[in-house]
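Here the structure comes first, spelled out in structure tokens, and everything after it is commentary.
The values are calculated or read from the model by the stated rules, or taken from the named source; none is laboratory data. Everything numeric here is computed off the predicted structure, so don't read it as measured data. FYI the Cβ positions are ideal-geometry reconstructions off the backbone, even for glycines, and counts take in every protein chain you see.
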Amino acid sequence: MLNSEKIGNEFYQSLGKLFYAVAMADNKVRPVEVTRLRKYVRQNWLDVDDYEDEFNTDSAYQIEIVFDWLENEEKDDEEYFSEFKEFYKEHPKKFTPELKSLILETAEAIASSFAGKNKSEMLIIFRLKQLLAK
């Protein structure tokens, strides 16, 4: 696998962690949040680039794969947000203004998919906005 493809896969995996952290901010991932994530992946993320994983599948599906896998883990949302933040700081050039906008749009959609945004979801979105502004 080429280094750029490896970074591409890690990029989508880190997004899976971020979006899981957003969904988990209120300590419960609801089915409607999962549905909204899947919709956004299929409608927006598959066309971002041409990266594929080792199974020749669009790397954007890594978002869903990681999100699903994290539902069986026992870490809290803060750890996953921190892991995304670390990737962001290590690869700032990967995050174009268009991608930052799509990341925020996806996170906002997940957060508001169940009865609007609550305080903990608004806080994580605020922190994401601060991070992406750097």
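Some observations on this one:
- Any hit, the range 41-56, residues being in contact with an Asp or Glu (Cβ under 6 Å, 6 or more places away or on another chain) and modelled with pLDDT of 95 or more: yes
- A single entry from Lys85, Lys94, Lys17, Lys89 fulfils the requirement of being of a type in the set (Lys, Arg), closer than 22 Å to Leu132 by Cα, surrounded by fewer than 20 Cβ atoms within 10 Å (Cβ to Cβ) and under 13 Å from the mean Cα position of the chain (by Cα): Lys85.
- Of all residues in the range 20-49 being outside any helix (DSSP H, G or I) and of a type in the set (Val, Ile, Thr), the one that is surrounded by the fewest Cβ atoms within 10 Å (Cβ to Cβ): Val48
- Selection status of Asp76, farther than 14 Å from Ile7 by Cβ, of a type in the set (D, E, K, R) and either more than 11 Å from the chain's Cα centre (by Cα) or modelled with pLDDT of 95 or more (or both): yes
- Any hit, the range 21-28, residues being farther than 23 Å from Asn118 by Cβ and free of Cβ contacts under 8 Å to residues at least 40 places away in the same chain: no
- Neighbours by Cβ (under 6 Å, 6+ apart or cross-chain): first from the range 114-134, surrounded by 17 or more Cβ atoms within 10 Å (Cβ to Cβ); second among the β-branched types (Val, Ile, Thr): Phe114/Val32; Ile124/Val22
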